[in-house]
1. Within 10 Å, count the other beta carbons around each residue, average over each peptide in 166-178, 425-437, and list them highest first.
2. I need the peptides 475-484, 304-313 ranked by packing, meaning the mean over residues of other C-beta atoms within 10 angstrom, with the highest value on top.
3. Give me the number: length gained by fully extending Asn72 to His260, i.e. 0.36 nm times residue separation minus the C-alpha to C-alpha distance, one decimal in nm.
4. Return the sequence-ordered ³J(HN,Hα) values of region 131-137 in whole Hz as given by the Karplus equation 6.51 cos²θ - 1.76 cosθ + 1.60 applied to θ = phi - 60°, using x for Gly and Pro.
5. Past the 24 Å Cα-Cα mark, which pairs from Lys155/Lys353; Lys320/Lys432; Lys312/Lys358; Lys201/Lys358; Lys432/Lys461?
6. Can you tell me the alpha carbon radius of gyration of region 300-469 divided by the globular rule-of-thumb value 2.2 N^0.38 Å?
7. Sort 63-74, 336-347, 212-223 for me by packing, meaning the mean count of neighbouring Cβ atoms within 10 Å per residue, highest on top.
8. I need the GluC sites (Glu not before Pro) found in region 202-297, filtered to DSSP loop residues with at most 14 other beta carbons within 10 Å of theirs.
Amino acid sequence: MKKYRKGVLVVLTGIILVALGSLTLIFVQADSVLSGIGALTAVSGWCLVSISVVKLWTLQTELQRLRTELRNHEDRELDRTNRLEQAIENERAKESKHEYHMEQSLKRIESRIADLATHSRIKGLSTMNPSLDVLFVTSNGAGLGHLSRLLAIAKNLSDDISAEFLTMSKAYRTFGNSGYVVHYFPSADAAAVPAPQWNRKFTHYFTDLMRDRMPSVVVFDGTWVYHGLTEACRALGIPLVWVQRGNWRPEVDQRSIQRHDAGSVADEVILPGDFAVQEHVEVGEDVRTERVGPITLVRREQMFSREEALDKLGLDNSGKYILANLGGGILGEFVDVLTLLRDTVQELGEPWKLVTLKSPLSAASESAPSSSPQISVYPVAQYAHAFEFVVSSAGYNSVQESISLGIPSVFVPNEAAVTDDQAARAIGASDKGLALSARDNSELRNAVVDLAGSRRLNQLKEQLAAVQEASGAAEAAEVLSSTISRSRWTLSSDRIGPHDD
């Protein structure tokens, strides 16, 4: 840079000399001596300028070369740094991959140990004759849906087919008068234990139960088939039937491996229909699949008349009643929704009154507004004629029974449901003219006021009267009867010949 600045200074000096020499030649032409000096000065200036320009060009070229080398050096250093960072990342990835494979290997070993334990616990039992026809198994769920569907199927089996229940639902005591033996095993949430520990305990419990009861068929209703369930059934050669309620949330459906590869965990799949939504599910190959109609627990002939229902519920015959059957997690806090309904019904005036249904799973703190009568009955659909209409969650059972039994309803989807797409079901029922739907406070209030008018209520009743009663429970029972018959073919095995004394 010093050479560059010096060259610029020389150029400036040369330019000054050229200027002085030129001025001398212009103004002192008569004096030959001065003219010579001016000419010499101008020539010297031009020489300095020319030499300096050449020198500056050389310096500029050298500077450009140095800059290029510097950039190349920086690029090489950056590339080297990137390679080092990539090498570090690769080593980290290898280490992480190694840890992942180690973890997966441990899981496979643990699973294999559990399988061996299952097989060892049931060794020698596969030749025993079944002492039970059907063992119905349900997950805990968020309500009574799983249990109610299986109970509906059980009640449609012939009298010569024996059945028992195993459930993780805390509402199992509700089935105390069902006429069936009910086994209860607490879910991981209820027991407050980690899932791996719960799976081991459940596998041992279920294996012991299978050893004791030896059912011909196991029927499971839930969204995830437990590993121990599959392993014990396959070790004993007992068919496992999965009753797979539809209308899953799209994001949950996409993540579920079991739902679309049901043959990996079950031998048969029963897909119940839905009045409100149409869904085509691919459950995979190597699994028998049966599609049946909507499943409901209560049939029309089992419903009480209005007078009988009012009498059994202890309600005055002169009132017009609206039933709130919501549960938790709907449109905000449970009590807030009931308060909205209470205020809306009060605005309607006499003789309208709100009645709330207390779920057997509700916490003690979840109570109805003090001015609203509260009932606790199961199945509540039998008492539906006591009410002008129902405000209900949009769960599978509630919607199927309301439509099948002709119960005018406002469906309020539980947006907190993990798997069930209740919003799609509520909207589907509304679009078909089979119910009203509400997803916020304003829609709920308007729907209640609308149905309180006789014209809209009668229109809805006419639409529901044209619906054919659900037959899915009877159809599913026929499927199970066939499965039981197929599973009993080994009982025809025999032995003849001489025997040792």
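Values in this text are rule-based calculations from the coordinates and carry no lab data. Values in this document were obtained by computation on a predicted structure and should not be read as measured data. Don't worry about glycine lacking a Cβ; one is built from the backbone with ideal geometry, like all the others, and counts go over all protein chains shown.
1. So the order, starting with the most tightly packed, is 425-437, 166-178.
2. Working: 475-484: 19.7, 304-313: 15.0.
Highest mean packing first, the order is 475-484, 304-313.
3. On the way: separation 188, 0.36 × 188 = 67.68 nm, distance 5.60 nm.
So the extension gain works out to 62.1 nm.
4. Working through the residues one at a time gives 9, 9, 7, 9, 10, 8, 10 Hz.
5. Table pairs above 24 Å Cα-Cα are Lys155/Lys353; Lys320/Lys432; Lys201/Lys358.
6. On the way: Rg = 14.7 Å, N = 170, 2.2 N^0.38 = 15.5 Å.
The reported ratio for this selection is 0.95.
7. Sorting 63-74, 336-347, 212-223 by mean packing, highest first, produces 212-223, 336-347, 63-74.
8. Working: sites: Glu231, Glu251, Glu268, Glu279, Glu282, Glu285, Glu290; in loops: Glu279, Glu282, Glu285.
Those that pass, being in a loop and sparsely packed, are Glu279, Glu282, Glu285.
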